[in-house]
Amino acid sequence: MASTRRRRLVPCFLGILLNALIGVICEAELSFTLEPSDIIAVQEQPLMLHCQVNGIPPITTQWRHNGMLLTQDQHHTTFINGSLLIGHFQKTKSDGSSDEGDYECVAQNSFGLVVSRKARIQAATMADFHVQPESVHAEESGVARFQCQIHGLPEPVISWEKDSRPVDTKDERYTLLPTGVLQITGVRDEDSGKFCCVAHNSAGVKHSTEALLTVSGSQSSVYKEPMILVGPENLTLTVHQTAILECVATGYPRPIVSWSRLDGRPIGVEGIQVLGTGNLMISDVGVQHSGVYVCAANKPGTRVRRTAQGRLVVQVRDKHQPSRNKEEKPWMLITCQCVWFL
């Protein structure tokens, strides 16, 4: 009878031991509460990358830069909480190396090791203007347009100055497109002056060359055929980007701008916005927005019109190249020690 009782107790004891061992392993598993994220860093400024891990201490934290372990030195400091401080971020160092690249946090305790997602760190930059505004002559009640283009990381924010003062964009006659184009409709003599494009991001601020707007008198009552000064350009975008289709028209009486698709399909209203007197903005574009868009400048009350068209191509992101905005799952290696009970 006693022997039978011992045989029943052995599997029960092993079950309790197994459950306890599983509980210890689960508690020992390292997990991230905070992982490093992609950052556009300012050169010569300190940069902090965050990393926090839960698990049974002691936990050691190290960092990898482009797959290589970082060593503690005067430029790199790893804090007790796991965060990494880069004292002076540099795109290009004297030895030819760079602080740019992929960073990942590596945490380890006696039970295993876990690696965070890769964080892409890039330096903020701003190039020179590759399109400068040009001087414009316009008639009263006509249209004036200025344009500038500049590349930078992050994408520079564009604003405009007139005679060294910010342009009053509350004036409905002034339209500033997200592409950096400034349109002035119903031009008046007081609009004359020097216009300058201003670009700024975390890398700094740059001013373009000045462009002069001169305004001459006009007999506004004289009929003028509708004319499209600037029509939509051909665009190739990826899904979820924003499309700006520009249409600047002039004439007397002022033409009415309308949009249509060459294939006859409706443009729709969701995510569609008209900027200024006739520019079309399509937010969060999808494949269904691909097509040829026609801008028409119509003389009011007649069938007289002028048209211009541009093709919009919307591409789907390659599924084999997932977006870096999506979290990458960390992986973990658990080591176990086996204990035998005799």
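The values are calculated or read from the model by the stated rules, or taken from the named source; none is laboratory data. In this text, all values refer to a predicted model and were calculated from it rather than measured experimentally. When we count neighbours, we look across all protein chains shown, and the Cβ atoms used for this are built from the backbone with ideal geometry, even at glycine. Side chains included, ligands, DNA and RNA excluded: accessible areas come from the protein's heavy atoms. Shrake-Rupley method; radii C 1.70, N 1.55, O 1.52, S 1.80 Å.
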Percent of alpha-carbon pairs separated by more than 16 Å within segment 217-294: 56 percent
Dimensionless Rg/Rh of segment 250-314 - Kirkwood Rh, Rg from C-alpha atoms: 0.99
Cα principal axis extents for segment 87-155, largest first, Å: 79, 30, 16
FRET efficiency, 1/(1 + (r/R0)^6) with R0 51 Å, evaluated for residue 288 and residue 113 via beta carbons: 0.65
Accessible surface ranking that places the most exposed of 161, 140, 155, 104 first, with a 1.4 angstrom probe: 155, 140, 161, 104
Qualifying trypsin sites (Lys or Arg not before Pro) for segment 218-315 [loop in DSSP, other Cβ within 10 Å: at most 12]: 303
Interchain or long-range residues, amide H under 5 Å from residue 51's placed H: 83, 84
Protein-only accessible surface order, largest first, of 153, 213 at 1.4 Å: 153, 213
Rounded to the nearest 10 Å², the accessible area of residue 269 at probe 1.4 Å: 130 Å²
Interchain or long-range residues, amide H under 5 Å from residue 100's placed H: none
Nearest-0.05 FRET efficiency for residue 316 and residue 131, computed from C-beta distance (R0 41 Å): 0.85
Accessible surface of segment 139-240 [probe 1.4 Å, protein heavy atoms]: carbon and sulfur percent: 49 percent
Estimated vicinal HN-Hα couplings, Hz - segment 299-315 in sequence order (Karplus 6.51, -1.76, 1.60; Gly, Pro = x): 6, x, x, 9, 9, 6, 7, 10, 10, 8, 9, x, 9, 10, 10, 10, 9
Rounded accessible area of residue 307 (nearest 10 Å², 1.4 Å probe): 80 Å²
Calculated from backbone phi, Karplus (6.51, -1.76, 1.60) coupling profile of segment 243-257 in Hz, x at Gly/Pro: 9, 10, 10, 8, 8, 10, 10, 9, x, 9, x, 4, x, 9, 8
Exposure rank, largest accessible area first [265, 165; 1.4 Å]: 165, 265
Full-extension gain in nm, residue 237 to residue 66, via 0.36 nm per residue minus C-alpha separation: 58.6 nm
Vicinal HN-Hα couplings computed from phi for segment 123-133 (Karplus, 6.51 cos²θ - 1.76 cosθ + 1.60; Hz; Gly/Pro x): 7, 5, 9, 8, 7, 7, 4, 9, 9, 9, x
Shape call, segment 162-267: gyration tensor on alpha carbons, a/c limit 1.5: oblate
Residue 222-residue 169 FRET efficiency (beta carbon distance; Förster radius 45 Å; 0.05 resolution): 0.90
Given 194/299; 93/118; 170/194, the pairs whose alpha carbons are separated by over 26 Å: 194/299
Amide H within-cut-off set for residue 230, under 5 Å, with H built and near neighbours excluded: 248
Accessible area of residue 240 in the full protein assembly, 1.4 Å probe (Å², nearest 10): 140 Å²
